Structures are given as C-alpha cells and as structure tokens.
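The next block holds one structure in the form of structure tokens; read it before the comments.
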Amino acid sequence: MKLHIYSSQQNPHSGPRTILLVEDEPFVREATRTILESAGFEVLPAEDGVAALKLYEETLGPVDLLMTDMILPGRTGEDLGRELRLYSPSLKVLVTSGYGNVDESIEKPRANTFFLSKPYSRRDLVAKIDEILSAGPLHQIARQAG
C-alpha cells in the first residue's frame with residue numbers, strides 16, 4: 001500500500017478541513033458525517049480500519065483529523081492512529097467511545113491524541129474539533145501536559 005505523506009506545515013489550508021471519520025455503526029457514522037458536513041468540514045467516512053487506510057491512500061490532499069471509534073473491527077482506533085502517523089507524524093486523532101471515560105487508557109504521551117465520550121452533542125463535537133484543529137503544536141503540548 002502506498003500512502004501519501006503530508007505535513008501540516010507543508011499544506012496551508014485554503015479550503016475546508018478534512019476529517020477521516022471511522023465508525024463501525026452505520027447510524028452513528030452517518031449522523032456524525034451530517035453534523036460535520038453541516039459545520040463546514042469535508043468528511044471521508046469509513047466503517048473500519050481497512051476502509052480508512054484505503055481512503056487515506058486515495059485522498060489527494062491532507063487529512064487534518066482522524067476521528068475514530070475506540071473499538072473497531074480488527075483493531076483499535078489508537079492502532080489506526082499509530083499506523084497513519086507512520087505517514088503523517090503530526091496527524092491529530094480524536095478517539096470516541098461509548099464505554100465510559102476511557103481517556104486514561106489512551107496511550108501516553110498523548111501528543112495530538114484527544115478523547116470525546118459518546119454520546120456527544122453537535123455543539124460538543126464541533127467545539128472539540130475546533131479546539132483540536134485551531135491550537136498550534138506548542139499550545140497543544142502545554143495543554144496536554146496539564
């Protein structure tokens with residue numbers, strides 16, 4: 001598989017931000033897609049890690065955020081994030097889960113990895129993504145350090 005390597009420093013954004021959305025539940029995936037598109041994001045929906053890797057490979061521009069469910073068929077969302085970071089080290093990852101607060105189980109250090117518990121409101125989702133995408137690298141490291 002040949003994956004594109006992108007750096008946020010190499011690709012300034014002049015258009016909508018792109019989110020690779022990975023969710024195995026069709027209803028949740030489509031509802032989230034609708035929310036994100038209505039907020040102005042370009043959304044690449046995938047039902048599992050294999051489909052997400054294929055979409056990433058076929059995408060011509062940079063992916064600004066991987067939004068993934070914690071538990072996916074065949075791998076975890078964190079595993080998928082690690083795989084994609086081999087090609088885009090600065091990729092930001094938003095992990096979601098409906099299994100309570102699993103934020104503490106997300107790999108440490110958590111540079112560019114964030115958590116959002118399900119169910120989430122439209123407002124909470126868009127605010128979280130805006131916070132993730134608008135913060136510069138130094139601000140993120142300082143905020144994550146606690």
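Given the criteria within 15 Å of the chain's Cα centre (by Cα) and modelled with pLDDT of 95 or more, does residue 46 qualify?
yes
Can you say whether residue 99 is outside any helix (DSSP H, G or I), under 18 Å from residue 28 (Cβ atoms) and at pLDDT below 90, as far as the supplied structure shows?
It is true that residue 99 is outside any helix (DSSP H, G or I), under 18 Å from residue 28 (Cβ atoms) and at pLDDT below 90.
What is the one condition in (1) crowded, with 17+ Cβ neighbours inside 10 Å; (2) modelled with pLDDT under 95; (3) aliphatic (A, V, I, L, M); (4) over 12 Å from the mean Cα position of the chain (by Cα) that residue 35 does not satisfy?
(2)
Residue by residue through segment 49-77, note down the ones that are crowded, with 17+ Cβ neighbours inside 10 Å, among the charged types (D, E, K, R) and not in a strand (DSSP E or B).
64, the sole residue that qualifies.
So which of 125, 94 ends up being modelled with pLDDT of 90 or more and part of a strand (DSSP E or B)?
94
The values are calculated or read from the model by the stated rules, or taken from the named source; none is laboratory data. If you're wondering where the values come from, they're calculated on a predicted model, not measured in any experiment. Backbone-built Cβ (ideal geometry, glycine too); neighbour counts: all protein chains shown.
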